[in-house]
């Protein structure tokens, strides 16, 4: 798993094991609404990756992944 944090916008999580039907865009999920949100969660020990939180990995797929990563490709 890898997290991508652009200068502006959401933090996205890439999980290669979630790729379906050779569509790489299905492996991208929204991890946090912003880098600030992600950092606050991490610093507070509330992230899904922390032991004992009971939270699982990010579950909301990044709907715009194909459009943002490969513009003009359908």
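The values are calculated or read from the model by the stated rules, or taken from the named source; none is laboratory data. Worth saying up front: this structure is predicted, and the values here are computed from it rather than measured. Cβ: placed from backbone, ideal geometry, glycine included. Neighbour counts: every protein chain shown.
Any idea which of 26, 41 is without any contact (Cβ under 8 Å) to a residue 12 or more places away in the chain and touching a strand residue (DSSP E or B) at 6+ places or on another chain (Cβ under 7 Å)? Talk me through it step by step, then tell me what you get.
Values: 26 fails: without any contact (Cβ under 8 Å) to a residue 12 or more places away in the chain.
The match here is 41.
Among the residues making up the stretch 22-34, those that are within 14 Å of residue 61 (Cβ to Cβ) and more than 8 Å from the chain's Cα centre (by Cα) are 23, 24, 25, 26, 27. At least 3 residues being surrounded by 10 or more Cβ atoms within 10 Å (Cβ to Cβ), touching a helix residue (DSSP H, G or I) at 6+ places or on another chain (Cβ under 9 Å) and at pLDDT 75 or above is the threshold, and among the strands (runs of 3 or more DSSP E) wholly inside the stretch 1-73 those reaching it are 11-14, 28-32.
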